[in-house]
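The structure appears below as structure tokens.
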Amino acid sequence: MWKILTLSLWMLQMALAGIAHSPPEQQEQPVFQWSEVPGEIEERMLGASLPEEEREALTSLAYVQVTYWDYEGRTQSGELVVHRDLAQEVADIFEELYEEGFPIASVRLIDEYGAQDELSMEANNTSAFCYRKIAGSSRLSNHALGRAIDINPLQNPHVKEG
């Protein structure tokens, strides 16, 4: 609940700063859905954002497809991998962001950036799952569990460089 509240407060700050815009006429039916991780996505992830030896972690993950407004006011399609328990809530949050006209730079799987978080963040990419440990520890991060999303990391005040 506090994460949703934090996200809502951040969205309000962005809107007040003039970053959010009124959504233009939508051209296609927006999509906000989730499913099991499809085989072709599994293959992209294995050996990249998910080590081969951690394949069983896929059973706790879900594939989420969303529509979003880019910074030019155009609709785009995006994809995320998140924890299965959060998949519907994530789809609902992205639907709310879409309805509010909240701009997002991109929403792509971290695997499109060689599973390198730094490259994804430099591209201002909104991403979720990436198997990694918390810096300086042996514990898995919330991203490794599919329980964290970085939205517009270059503007997001809650994203900190490691």
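Within segment 110-131, at least one residue is closer than 27 Å to Q29 by Cα and among the hydroxyl-bearing types (S, T, Y).
Scanning segment 16-42 for residues that are over 19 Å from A91 (Cβ atoms) and either exposed (fewer than 11 other Cβ atoms within 10 Å of the Cβ) or at pLDDT below 95 (or both) returns L16, A17, G18, I19, A20, H21, S22, P24, E25, Q27, G39, E40. The residues in segment 132-153 that are within 14 Å of the chain's Cα centre (by Cα) and not β-branched (V, I, T) can be counted, and the count is 10.
So is G146 farther than 22 Å from L46 by Cα and either in contact (Cβ under 8 Å) with a residue 40 or more places away in the chain or of a type in the set (S, T, Y) (or both) or not? So G146 does not fit the description; no. Counting the residues of segment 126-147 that are out of contact with any helix residue (DSSP H, G or I) (no Cβ under 9 Å at 6 or more places or on another chain), in a loop (DSSP other than H, G, I, E, B) and open to solvent by less than 70 Å² (accessible area, probe 1.4 Å) gives 3.
Only one entry in I104, I110 is over 15 Å from R132 (Cβ atoms), crowded, with 19+ Cβ neighbours inside 10 Å and touching a residue at least 24 places away in the same chain (Cβ under 8 Å), namely I104. Taken over segment 59-93, residues that are in contact with a Ser or Thr (Cβ under 8 Å, 6 or more places away or on another chain), part of a helix (DSSP H, G or I) and either farther than 15 Å from W34 by Cβ or open to solvent by less than 10 Å² (accessible area, probe 1.4 Å) (or both) amount to 0.
A count restricted to segment 113-125 and to residues that are in contact with a strand residue (DSSP E or B) (Cβ under 8 Å, 6 or more places away or on another chain) and surrounded by fewer than 18 Cβ atoms within 10 Å (Cβ to Cβ) stands at 2.
The values are calculated or read from the model by the stated rules, or taken from the named source; none is laboratory data. If you're wondering where the values come from, they're calculated on a predicted model, not measured in any experiment. We place every Cβ from the backbone using ideal geometry, glycine too, and count neighbours over all the protein chains shown. Only protein heavy atoms, including side chains, enter the accessible area calculation; ligands, DNA and RNA are left aside. Shrake-Rupley method; radii C 1.70, N 1.55, O 1.52, S 1.80 Å.
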